[in-house]
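For reference, the structure is listed below as structure tokens.
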Amino acid sequence: MSSLPDQKTPRLLRALAGEAFERPPVWFMRQAGRSLPEYRALRARAKDFIAFCHDPEMAAEATLQPMRRFPFDAAIVFADILLIPRALGQDVWFEAGEGPRLAALPPIEALAEQIDASTGRLADIGETLQRVRAELEPDRALIGFAGGPWTVATYMIEGRGSEREAARAFAYAEPEKLDALIEVLVESTARYLVMQARSGAQVLKLFESWAEGLAEDMFERLVVQPHAAIIDRVRAAGVTAPFIGFPRGAGALVDAYAEAVPVEGVALDTQAPAALGRRLQAQGKTIQGALDNLLLRQGGAALDARVEQLLEQWGQGPYIFNLGHGVLPDTPIAHIARVVERVTGKPAREPA
């Protein structure tokens, strides 16, 4: 166990610096959202989801709501991975009960011309971060994030969430066009994350939600290289905030990702075996995950047992307790509270 000089540094930052704890830091993906009644009441006031994300007052409130209920060690800014395509000029909207929709992919040259303007169009997210950081206790970290370029590209190509077959076919049929799109997303994402760090984000996370199903060479081209390029550009801008990379569904390719991409933390999905996590810890990476969000929703003895198993198998090395995917909207609050109390020893609180 390493020891950092400032013990008031947020526990999450200390874990990402390699420190192990008797109890790990804990936060949940999608902790700010539909599982909370106060969120649903707030959401009802917004014109639409995009407007919600771009309203700093409302988005900051959504970010802080779970922090008031649960003793999480970190807040993650309330936003969406598809704000970048919209900032680049592709129309994005959300259909109630169906999820995101995107207009036809614009010419790549037209998207590239919007890179300079895109960060300014996302300035509302920076203001949200500033508002949250001003209110959040200093010992609780603030996380900024962006979608991985490949994941965002799949939505831009297909116009919606899917099995990504059309996007993978596009990658084979139009390799130069896809590479140009990925490059636009690498540059715009790096600038966006720099802005987030300068606005108060202390940790930056790359969500490659659709990393599964890629052949090894395609994974290298579409996930590993773009993530490494983003981090290089963020570092070149003088930002030192640690990165967590989440190549969800990458399976046996997670080792290659952790070796090649200079992230401090690797988020693991539900299928990650105990040996993988231990191997990454031994290589100097902090790991995060991998509680099943369906099990969190189900609750009961099986949930209790899995929490204990995760703490036992990974708790001796630098580890961040989290889910393998985001909190489901119909997850009982009592189940979240029970898990977080088991990890932190602190009970949930009813919001004022």
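Read-outs: derived from the displayed coordinates by stated rules, not from any lab. Please read all numbers here as calculations on a predicted model, not as lab measurements. Backbone-built Cβ (ideal geometry, glycine too); neighbour counts: all protein chains shown.
With the simple spin-label model, which puts each label point 7 Å out from Cα in the Cβ direction, the residue 260 to residue 104 separation comes to 3.4 nm.
Between helix 333-344 and the chain there is an angle of about 70 degrees, using the helix long axis and the longest principal axis of the Cα atoms. Dipole size of the chain about its Cα centre, with +1 on Lys/Arg Cβ and -1 on Asp/Glu Cβ: approximately 1100 debye, rounded to the nearest 20. Taking the Cα centroid of the stretch 27-98 and of the stretch 278-303, what is the distance between the two, rounded to the nearest whole Å? That distance is 24 Å. The alpha-carbon of residue 346 sits under 22 angstrom from the alpha-carbons of these lysines, leaving out residues fewer than 8 places away in its chain: 8. Here the Karplus curve 6.51 cos²θ - 1.76 cosθ + 1.60, taken at θ = phi - 60°, turns the phi angles of the stretch 84-100 into couplings of 5, x, 5, 5, 8, x, 8, 5, 10, 8, 10, 8, 4, x, 10, x, x Hz, with x standing for Gly and Pro.
Net charge in the neighbourhood of residue 12 (other residues with Cβ under 9 Å of its Cβ; Lys, Arg +1, Asp, Glu -1) is +2. Close amide H partners of residue 291, meaning residues 5 or more places away or on another chain with modelled amide H under 5 Å apart, are 322, 323, 324. For the chain, the longest principal axis of the Cα atoms and the long axis of helix 225-236 meet at an angle of about 80 degrees. Between amide H atoms placed 1.01 Å from N, distances below 5 Å from residue 82 occur with no residue 5 or more places distant or on a separate chain. Please give the residues of the stretch 114-133, grouped as numeric ranges, whose backbone N is less than 19 Å from a label point set 7 Å along the Cα-to-Cβ vector of residue 177. 114, by backbone N distance to the label point.
Residue 215 to residue 352: FRET efficiency via 1/(1 + (r/R0)^6), r the Cβ-Cβ distance, R0 56 Å, to the nearest 0.05? The pair residue 215/residue 352 has a calculated efficiency of 0.60. Here is the list for the stretch 84-137: GluC sites (Glu not before Pro) lying in DSSP coil, each with at most 12 other C-beta atoms within 10 angstrom of its C-beta, are 98. Model label sites at residue 112 and residue 312, defined 7 Å from Cα along the beta-carbon direction, differ in position by 5.6 nm. The alpha-carbon of residue 205 sits under 13 angstrom from the alpha-carbons of these aspartates and glutamates, leaving out residues fewer than 8 places away in its chain: 80, 264.
The phi torsions of the stretch 111-120, fed into the Karplus equation with coefficients 6.51, -1.76 and 1.60 and a -60° offset, translate into couplings of 5, 4, 5, 9, 4, 4, 7, 5, 5, x Hz, rounded to whole numbers, with Gly and Pro shown as x.
The mean sequence separation of alpha-carbon pairs under 8 Å and at least six residues apart, normalised by the residue count of the chain, gives a relative contact order of 23 percent. Considering only beta bridges that DSSP places wholly inside the chain, some 20 percent are antiparallel.
Rounded to the nearest whole Hz, the Karplus-based 3J(HN,Hα) values (6.51 cos²θ - 1.76 cosθ + 1.60, θ = phi - 60°) of the stretch 124-132 follow the sequence 4, 5, x, 5, 4, 4, 4, 5, 5, with x at glycine and proline.
R0 = 51 Å: FRET efficiency of residue 162 with residue 22, Cβ-based, nearest 0.05? Show your work: numbers first, answer last.
On the way: r = 43 Å, r/R0 = 0.85.
Using R0 = 51 Å, I get an efficiency of 0.70.
Placing dummy labels 7 Å off each Cα toward the beta-carbon, the span from residue 282 to residue 342 is 2.7 nm.
With K and R counted +1 and D and E -1, the other residues having a Cβ less than 9 Å from that of residue 70 yield a net charge of +3.
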